[in-house]
Amino acid sequence: MTDIRISAFYHFASLPDFEALRQPLLETAEAAGIRGSILLASEGVNGTIAGSEEGVAQVLAWLRSDCRLSGLQEKASWAERLPFARLKVRLKREIVSLGVAGIDPTREVGTYVAPQDWNALISDPDVLVIDTRNDYEVAFGTFEGACSPDTRSFRAFPEWLRQAGGTSAPRKVAMFCTGGIRCEKASALLLSEGFEEVYHLEGGILNYLEKVPQAESLWRGDCFVFDERIAVDHDLRPTWGRNAPDEALPVLPRDIAEAAKG
């Protein structure tokens, strides 16, 4: 049975009252029997939750009932058991930590590329393809020909960009991440630094794996996720740590590393 719905979502929006949203959101999710992690910040919401089909739908409906979050999109997958031990709703400065003031994807963002058009873009020799994820995530899998900044956290990405030469890069840039949130914010950063042609994979790797048949795919390996599933395969089925790369285990978040070891 795969009757546990896992919902990954985010939405950039101005939420100056985000602190006041925490308690009613927590109560709604608890009443729906949901587990997982949700982050709230003045720039929006970001989360991955799991539970019954009905329970997840209740939480998403509550979020979308706020007109500022009505456009929230999710990527759904299924598993045979819950990949989270508890529920957390946390207040943060950023829903994804870049650490650069003034970067606002609601004001300026790169060009979204649909999964069906991604292969053609990254196969262009004039395009620099950047995997914006952490080095241990890249160890599980990535796109053919992608460049990895080899960073331990997303907050290190701006420094990598500076050391890599900034706007001296002559090619178009295409970026990707797990669900779209990191490359969306990174695209805003590159535009602020003067890059003119910046593209990013709409909905991230998870959307690509859902929409592009494996026979046509340029993805190689599994896709790491930040919960006890450890990673998902090309059919979005949880691996529960099977075939986890040895080089990734020492640097995984401790609870996830323990789950990967079984």
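At each listed q (0.09, 0.10, 0.15 Å⁻¹), what is the log10 of I(q)/I(0) that the Debye formula gives for the chain modelled as equal alpha-carbon point scatterers?
Ignoring solvent entirely, the Cα scatterers give -0.39, -0.49, -1.15.
Per 0.36 nm of contour for each residue apart, how much would the distance between R68 and E30 grow if the chain were fully extended, relative to their Cα-Cα spacing?
Length gained between R68 and E30: 11.4 nm.
Which of P83, P250, P115 moves most in a GNM of the chain, Cα contacts under 10 Å?
With Cα springs under 10 Å in the chain, the top fluctuation among P83, P250, P115 is at P250.
Using only Cα atoms, figure out Rg for the stretch 4-91 and give it as a multiple of 2.2 N^0.38 Å.
Dividing the Cα radius of gyration by 2.2 N^0.38 Å gives 0.99.
Return the single residue from A57, A174, A76 with maximal mean-square fluctuation; model: Gaussian network over the chain, springs between Cα atoms under 10 Å.
With Cα springs under 10 Å in the chain, the top fluctuation among A57, A174, A76 is at A57.
Report the extension gain between R93 and T106 in nm, rounded to one decimal, defined as 0.36 nm multiplied by the number of residues separating them, less their alpha carbon distance.
Extra length available between R93 and T106 comes to 3.1 nm.
Could you tell me the relative contact order of the chain? Use alpha-carbon pairs under 8 Å, at least six residues apart, and round to a whole percent.
This gives 18 percent for the chain.
Measuring from label point to label point, each 7 Å out along Cα→Cβ, what is the R242 to E54 span in nm?
Going by the 7 Å Cα→Cβ label model, 3.2 nm.
Report Rg(Cα)/(2.2 N^0.38 Å) for the stretch 164-241, keeping two decimals.
That works out to 1.28 for the stretch 164-241.
List the pairs from K172/K211; K92/K172; K92/K185 whose alpha-carbon separation is above 22 Å, in the order I gave them.
K172/K211; K92/K172
Given the options L25, L39, L201, state which has the largest fluctuation in a GNM of the chain using a 10 Å cut-off (strictly under) for Cα springs.
Most flexible of the set in this elastic network: L25.
Once every Cα of the stretch 91-221 carries one equal point scatterer and solvent is ignored, give the base-10 log of I(q)/I(0) from the Debye formula at q = 0.11, 0.16, 0.17, 0.23 Å⁻¹, two decimals.
Reported log10 I(q)/I(0), two decimals: -0.34, -0.75, -0.85, -1.60.
Please give the length that would be gained between A215 and R162 if that part of the chain were fully extended, namely 0.36 nm times their separation in residues minus their C-alpha to C-alpha distance (nm, one decimal).
Working: separation 53, 0.36 × 53 = 19.08 nm, distance 3.71 nm.
Result for the pair: 15.4 nm of gain on full extension.
Before rounding to the nearest 500, sum -39500 (n - 2.57) across all DSSP H runs of length at least 4 in the chain and divide by the residue total; then give [θ] at 222 nm in deg cm²/dmol.
Using -39500 (n - 2.57) per qualifying helix, the result is -8000 deg cm²/dmol.
Bear in mind that the values in this text are calculations on the coordinates, not laboratory data. Values in this document were obtained by computation on a predicted structure and should not be read as measured data. Here Cβ is always computed from backbone atoms with ideal geometry, including for glycine, and neighbour counts include all displayed protein chains.
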